[in-house]
1. Counting only pairs 8 or more places apart or on different chains, how many lysine pairs in segment 25-133 have C-alpha atoms closer than 22 Å?
2. How would you order 105-112, 198-205 from highest to lowest mean count of nearby Cβ atoms within 10 Å?
3. What whole number of Å gives the distance from the Cα centroid of segment 410-452 to the Cα centroid of segment 356-385?
4. Got a sec? What order do 343, 226 fall in by accessible area at 1.4 Å, biggest, i.e. largest, first?
5. Would you tell me the accessible area of residue 384, worked out with a 1.4 angstrom probe on the heavy atoms of the protein chains, in Å² to the nearest 10?
6. Along its three principal axes, how long is segment 31-82 when you only count alpha carbons? Whole Å, largest extent first please.
7. Please compute the Kirkwood hydrodynamic radius of segment 307-431 from all pairs of different C-alpha atoms, in Å with one decimal.
8. Per 10 Å bin from zero, what fraction in whole % of the C-alpha pairs of segment 25-133 is there, up to the bin with the longest pair?
Amino acid sequence: MAAPIKSTSRLSLAMERTGQWVFSQEIPTDVIVEVGEANFNLHKFMLVAKSNHIRKLILETKESDVTRIILSDIPGGPEMFEKAAKFCYGVNFEITVHNVAALRCVAEYLQMTDKYCDNNLASRTEDFLSQVALTSLSGALVVLKSCENLLPLAHDLNILQRCVDIASAKACVEANFPSRSPPNWWTEELTILDVSFFERIIVAMKGRGAKALTIASAIITYTERSLRDLVRDHSGNGTRLIEPEDSDIRMHQRELLESIVALLPVEKAAFPINFLCCLLRTAIFLRAANSCKTELEKRISIILEHVTVDDLLVLSFTYDGERLFDLESVRRIVSGFMEKEKSVAVFNGGDFGEVCSTGMQRVAKTVDAYLGEIATFGDLSISKFNGIAILVPKGARKADDDLYRAVDIYLKAHPHLDEIEREKVCSVMDPLKLSYEARVHASQNKRLPVQIVLHALYFDQLKIRSSADDTHNNNMPGAIATRNQLEADVSLVKENEVLRTELLKMKMYIADIQKTTVTQGTSANKGSLRKTTFFSSMSKTLGKLNPFKHGSKDTFNIDDGAVDITKPRRRRFSIS
């Protein structure tokens, strides 16, 4: 967009003719105007006719003949001064949306206003702003962009605020009633702005009642354009990723990210969770302020039920995918979601330990699958693995198969764990909540501690033995009833073993008595009578204490190597 300068008044026409005559006659210049490193050889009378500032400099100087004027701080530098000088000489040039703000500031700096000369540069630029530049969203944004290097004068002249008001108003209209395709084209237009000016637009749009989704759309587009290597590029191949964290680029990116997070609308669910996860991963990588990371963690935890395993993995790994971040952010996110669910359950008068929402069950499956993905990394400690697993309430898992798979992967990836450490890893799951296929796999899994294998085997034995009592046990939760029965049977087995030991001692004692009294017939008969009486009573006592009298056989003397698994071995949960 451009508009040539056309003189309308008689004075302007006279000045234009004078300027053309000066150039044609090659009249020697009498003053040098120095702007930065550029020097302009000009004529005093041509400059004084339009610029009150230059006139004052010449009149107020103590020198009898001024030959040099220094304008080091003129807005726009040498390029804009050259256009202002052309205007003084009546030479045509174009005013565009790119230079109109700078020309307006130069006109104010040189005092080229209508107070000093009619139809001066200030009024020409004002007419172009109101009639051309600020009539469209694109024009207003380009003018606003050009004001970045014109502060604070552009602010004082109200150019900045006029651009913000018009741009925000037109952006709201485009968001509600798109005038062209694609509908969100206006969000791309906003990406040319510096973050401070972008913030002004977003604040103005909020003030005009723009919807949270409209604001979110603009912020997402701006972030993906401004932090492309960090937010969009997930491969780690971005050239800027090799920059040290204290470099100017990293500091600029950190400030940019913190400014963007501060702009997020109050509505927590306005952004997709994958975008929030990318922002949080970027914040962790850039070592952003704790307040920035905390805000993102809270927003993610609120909508965690929509998270996927890939989203959580984005939070967990460095850009090269070779190392794990500190998993504290993931732990805080899951913990925050569980606290929110607990508060909702308590508010609704329910029992959080027994009743779990559909969202919590979905999060539980996602967390278990996530643990299976990160379990292969050797630098993942047991405490961090367990710390995330135990955040999910046991009631949220209908079965522990996915968690068992994650535990098995962890044990395979960490083969040097001792028995106690393996028991710690397995402590996060409940062997009694495994499916039949998982129990078959666990019973043959040499990586599991012996205690877990025994629980898996013993559970099947209890299921078989208690099949006749299903009617009675239907009134109790299956896992709780089985666990109570297991504890009672273990107690009976221990008592039985003690009695067996005492019986063996008694047999040895009686054998000794028989050897010493073999020659005494009467004593032998009495001893035999007492022997028979003793064993009769002892047999009755043992019969009452035998926990396997209802159909199962006593397994005390069965050889461990003779266990026969009748079902075929299934490898559904194998990680090999």
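1. 13
2. 105-112, 198-205
3. 16 Å
4. Ranking 343, 226 by accessible area, largest first, yields 343, 226.
5. 90 Å²
6. 28, 20, 17
7. This gives a value of 15.1 Å.
8. All Cα pairs, binned at 10 Å, distribute as 14, 49, 30, 6, 0 percent.
The values are calculated or read from the model by the stated rules, or taken from the named source; none is laboratory data. Here the structure is a predicted model, which means the values were calculated and not measured. Positions of Cβ are generated from backbone atoms using ideal geometry, with glycine treated the same way; all protein chains shown enter the neighbour counts. Ligands, DNA and RNA are excluded from the accessible area calculation, which covers all protein heavy atoms including side chains. Shrake-Rupley method; radii C 1.70, N 1.55, O 1.52, S 1.80 Å.
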